[in-house]
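Notes for the one structure printed next.
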Amino acid sequence: MENVYLNLLNLYSRHSTAFKTPLEDFTTEIFASILLKDDQLLNSFMNDVLKIDGEQFKIKTQQQYELEDEQDCIIDIVIYNESTICFLENKVNSREGYRQLERYKSVLNSLEGQRKVFLRYCTKYYDLKEISGVDFCQIRWRDVYLFLKITMIMLLFGIF
């Protein structure tokens with residue numbers, strides 16, 4: 001992943017014809033850059049918050065995947081290692097796009113067999129979804145906040 005400042009600038013450039021760049025894109029880039037600062041932090045987020053076992057994870061943001069006969073998918077955060085891939089869709093002040101999670105599931109199912117696949121949905125507000133046919137779990141931004149807060153406290157006391 002490139003420099004966070006370049007990623008944020010690219011977001012602005014990509015949306016220059018629109019009235020504003022979505023808050024969730026900025027939030028995604030900043031959050032991903034925090035996770036990238038420390039391998040143990042990223043592994044802990046995956047294991048404890050997203051409930052996905054493993055280590056040596058890597059992150060990509062704003063990744064585009066093509067779907068035949070469907071609108072392409074731009075995944076907010078893709079977290080992966082040799083055996084696992086997780087799509088993490090973030091929502092701040094917006095709702096799911098048309099069949100968005102179903103399309104993400106289709107992409108993940110096409111990758112099944114190559115890696116274990118996971119779909120995670122992070123929202124600011126309660127937005128219950130039921131997605132079958134893929135390992136799906138929802139979290140809230142408050143879960144991310146609590147994870148970062150507890151991690152910072154542990155760092156201060158030398159426990160992390």
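Taking region 107-160 as the range and being closer than 14 Å to D48 by Cα and assigned to a loop (DSSP other than H, G, I, E, B) as the test, only F160 passes. Of the residues making up region 71-129, those that are hydroxyl-bearing (S, T, Y), open to solvent by 20 Å² or more (accessible area, probe 1.4 Å) and free of Cβ contacts under 8 Å to residues at least 40 places away in the same chain are Y80, S83, Y98, S106, S110, Y125, Y126. From the list S33, S44, exactly one residue is small (G, A, S), open to solvent by less than 50 Å² (accessible area, probe 1.4 Å) and at pLDDT 95 or above. Which is it? None of the others qualify; the one that does is S44.
Taking each residue of region 42-54 that is closer than 14 Å to E82 by Cα and looking for partners that are in a loop (DSSP other than H, G, I, E, B) with beta-carbon atoms closer than 9 Å, six or more apart or interchain, yields N43/G54; N43/E55; N43/Q56; N43/F57; G54/N81; G54/E82; G54/S83.
The values are calculated or read from the model by the stated rules, or taken from the named source; none is laboratory data. As the structure is a computational prediction, the values presented were derived from the model and not from experiment. All Cβ positions, even for glycine, are placed from backbone atoms using ideal geometry, and neighbour counts span all protein chains on display. In case anyone asks, the SASA skips ligands and DNA or RNA and just uses the protein heavy atoms, side chains included. Shrake-Rupley method; radii C 1.70, N 1.55, O 1.52, S 1.80 Å.
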